[in-house]
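Structure, as C-alpha cells:
Read-outs throughout are calculated quantities, based only on the coordinates presented, and are distinct from any laboratory measurement. Note that the structure is predicted; figures quoted are calculated from it, not measured. No Cβ is skipped: glycine too gets one built from the backbone with ideal geometry, and neighbour counts run over all protein chains shown.
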Amino acid sequence: MIRIVTLDRIDPTDMAFLIGTLYRAFGVGTEHAGDRPVPREAERPDARLDAVALLREADPVRTFADDKVLYITSAPLALPQGPLGEPPCWGFADFGGERAVISTSKIPARGVSEASIEAWRRRLAREATHAIGHTWDLHHCYDPRCAMHPSWSQGLPADPEIDLCSFCREKSEHKIRLAKT
Amino acid sequence: MRGPPHRHPDEQREELPAVEGVILDAAELRAGDRVVYPNQGVCAVVGVEEKDIAGQKLQLVRMQREEDGAAVLVPKNKVPAIGLRRVATGEQMEGVFHYLAASFDDPELDWKVRHRDNADRLVAGGVLGVAEVVKGLHSLSRIRPLPTKEREQYDNARHLLVHEIAVSLGVPPVLAEDYVDYALMPPAGVKFELKPPPKPVLLPSRPKRRRPAAEEEDLGLSDLGLDVDLSGALEGAAGEREGAETEEAEEAAEGPGAARETAKGEGGEKRPPRRARPPAAKARKRARIAAPAKAPRKRAAAKKHAPRKAPARKAAKPAAKRRGKRK
C-alpha cells in the first residue's frame, strides 16, 4: 500500500490523478493518508527543507509491512553537499525503505489552463513514481523515457513519461512479488 | 598480485600492482571490519570460525552482507585470492567522482571484449573498476540501448558503486546515487573543476590460445565416412606448394639478378608449367573446402598463370566469329 501524506495543501483532483498513476505504475493500493506539519528539524536558514532530516523527523503514519509513505511538500528541498557540489533535489527516498518525499517547487507552474494543469499533474506523478521506485530498490535508469531517469538530466524531454521502462517495471514487480505481504 | 581467476589451469597469471586496500592476508581481518566482497557488496566481518566440512576442519571467515544481512563464509586461505578489499577511502572516492565527471572517449564496441573486461573490472578493479563499468556502459547507452545482459551488469555495477559510496561517505544510498548521476549527467549550465582522474585499472592481457598446426591441418574428415577421393586433389595442391617452395629456393640460390630474369621471361617457352590442371572442377571445389588454408596460394598461383591463358582465349574468340560470318 502506498500512503500519500501532504505537508501542504493539494487540489483533490490532482491527488486523484496521482493515486491512479501510482496504482497503475506499481499495482498496489494507494490512498491519501491526510496532512502532517513540516518537522522543525528539517527547516534550514535558506528557507529550504533538509530532505534527509525531513524523512527522519516527519510525523509517523500508521503503516503495515511493505507499506510506503510518500510525503509531498511545496517547499524546495536541499541535500547535503557531495564531492562535486550539491545535486538538485526534486525528491528523496530511503533506498529499499519505507519513506520518500517529493517537492513541487521545481515543477513548472501549474497555471490555469487545462494544458498547463495536465502537464503539472503528469510531472508530479512522474516524480512520485520516481521516489516510490527508489523505495522498491530501483536505481536511476539511463533511459530518458523511464520515470527513473534523473529529474535534472539534460536528456529529459519537456513533458517526460510517467511510466517505468520495461527493465525497471520488471524489477519493481519482482521486488513487490517477493515482499512479505 | 591481483587479477581475475584463472580461465585455464595452464594459463600464466600476469603480475599486476595490487589494487589499493586489497586484503592479502586473512590475519589482517578483525571482527567489525567493513570490507568489500567483489560482486557482493559491503560486508561486515563477524569473526573466524572452524567447521567440519567433508571430514576436513576448515577455518572460515564469517561475514555479513550489510545490505540484506546474508551470511558469507570464506575459507581463510582463500581470502587473498577472492579480491576482498577494504572500503574505499575518501581520497579514492574523490578520484572516482572526478573520473565519472570527466569526458569519456569512445566506449568499447566489441561486446565480447567489453563484457569480459567489465566482468574482470568488477572482480579485480576495486572501486575505480566498478566506476569504469558504470561509466563505460552509461556512455554506450547513449549510443544505443544496452542488451539485457549488459543492462543487468550495468544495474549490478551501479548497485555496488552506490552502496560503496554510501558506506564510504556515510550518506544514504539514494543520496550517493544522486552524487553519481550528478557527476555522470550534470544539469544544464553546470561545469565542474576537475582534477586529473586516476589512472585506469590495468587488466591482465588475455593471450589467444592458438591451436597447434597439426590440429589445424587435420579436419577429421576421414571420420565422416564420406566416399570422396580427395587424395589426388590434396596431393596436387601439396605438390604444387612443394614445387613453388623449391622454385623459390632455387631463385634465392641464383641471386636477385636471376630472379629478375625469371620475372621477365615468364611468357617464355622454356619455362616449365608450375602445376598441372586439377583433375576436375568438382574435385577442385572439394579440395578448397577441405583445405581452406591452401586456397589463397592456389588463387595466387592461378593469378600468375592467368595472363598466359587469357591471350589464347582471346585468340580463339575472333576465330569463332569469323567462322560464324562465313556461314
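Some points to look at:
- Residue order for B:VAL48, B:VAL72, fewest other beta carbons within 10 angstrom first, comes to B:VAL48, B:VAL72.
- For chain A, the list of Cys residues with no other Cys C-beta under 4.7 Å reads A:CYS89, A:CYS168.
- Listed residue (A:LEU77, A:ILE107, A:ALA33) projecting farthest to the positive dipole end of chain A, Cβ model: A:ALA33
- Cα centroid separation - the stretch B:104-154 against the stretch A:1-53, whole Å: 37
- If R0 is 30 Å, the Cβ-Cβ spacing of A:GLU86 and B:ASN77 corresponds to a FRET efficiency of close to 0.05.
- Ranked by how many other Cβ atoms sit within 10 Å of their own Cβ, fewest first, the residues B:LEU146, B:LEU160 fall in the order B:LEU146, B:LEU160.
- Mean shadow area of the stretch A:21-137 over all directions, Cα convex hull, nm²: 8.4
- Within-12-Å neighbourhood charge of A:ASP159 [Cβ basis; K, R +1; D, E -1]: +3
- Note on the stretch A:74-181: semi-axes of the ellipsoid equivalent to its C-alpha gyration tensor, largest first and rounded to whole Å, are 23, 18, 14.
- For the residues of A:43-56, the average number of beta carbons from a partner chain within 10 Å of their own beta carbon is 1.
- Residue order, fewest to most beta carbons within 10 Å, for B:HIS159, A:HIS130, A:HIS139: B:HIS159, A:HIS139, A:HIS130
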